[in-house]
1. Counting helices only, and only those DSSP H runs with n ≥ 4, report the 222 nm mean residue ellipticity of the chain as the sum of -39,500 (n - 2.57) divided by its residues, in deg cm²/dmol to the nearest 500.
2. Can you tell me the relative contact order of the chain? Whole percent, Cα pairs under 8 Å, sequence separation 6 or more.
3. For 162, 107, which order do you get if you count the other beta carbons within 10 Å of each Cβ and list the fewest first?
4. Multiplying the sequence separation of residue 58 and residue 15 by 0.36 nm and subtracting their Cα-Cα distance, what value in nm do you get?
5. For the chain, take the longest principal axis of its alpha carbons; what is the angle in degrees between that and the long axis of helix 36-45, to the nearest 10 within 0 to 90?
6. Rounded, prolate or oblate: which fits segment 21-97, taking a ≥ b ≥ c as square roots of the Cα gyration tensor eigenvalues, rounded meaning a/c under 1.5, else prolate when a/b beats b/c?
7. Taking each pair of different alpha-carbon atoms in segment 43-167 once, compute 1/r for the pair, average those values, and report the inverse of that mean as the Kirkwood hydrodynamic radius in Å to one decimal.
8. If the chain between residue 131 and residue 90 were fully stretched, how many nm would it gain, using 0.36 nm times the residue separation less the Cα-Cα distance?
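What follows is calculated from the coordinates using simple rules that are stated; it is not laboratory data. Keep in mind the model is a prediction, meaning the values are calculated, not measured. With ideal geometry, Cβ positions are generated from the backbone for all residues, glycine too; neighbour counts draw on all protein chains shown.
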């Protein structure tokens, strides 16, 4: 399966979700990576999804994962059930369950997480508390995901620019 970088993802202009320009660069083994909005919802639902599993889903199923709400316990349970069913349907595997963090760092508006402060220093960025507070939950989540070791670190400065935290 080859995906041209010039072809936008199915999420690029999807109404009803936050999708970031820097995510268009998320490619691994010629497969477009799982967008932040889906990763955000999976964390809330306590399900880990492997890229190999994601790649087997139909585009409409991936879009539904991006659009389904997780604002209440009921919605989160519906999301978890749907995602688990997709994993089982397309792979025959049981889903990988994760512990649900009841107080994730991206929800804390009283302080900037130390891991984010450390990563920010690498690009001479100082995020002020009011800037952190003015970001959306998914933006805060994305910044924290981009702080973790892995291939997406190159997108941290791109996200900081896109979120208005860093000038070009």
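1. Working: 8 runs with 76 residues, N = 168.
Estimated from H runs of four or more residues: -13000 deg cm²/dmol.
2. Values: 158 pairs, mean separation 34.1, N = 168.
Answer for the chain is 20 percent.
3. Working: 162 16, 107 11.
By the 10 Å Cβ count, ascending, the order reads 107, 162.
4. Numbers: separation 43, 0.36 × 43 = 15.48 nm, distance 1.87 nm.
Result: 13.6 nm gained on full extension.
5. Tilt of helix 36-45: around 70 degrees.
6. Working: a/c = 1.89, a/b = 1.25, b/c = 1.52.
Note, shape of segment 21-97 comes out oblate.
7. Working: mean 1/r = 0.0615 Å⁻¹.
For segment 43-167, inverting the mean 1/r across all distinct Cα pairs yields 16.2 Å.
8. Numbers: separation 41, 0.36 × 41 = 14.76 nm, distance 4.12 nm.
Result: 10.6 nm gained on full extension.
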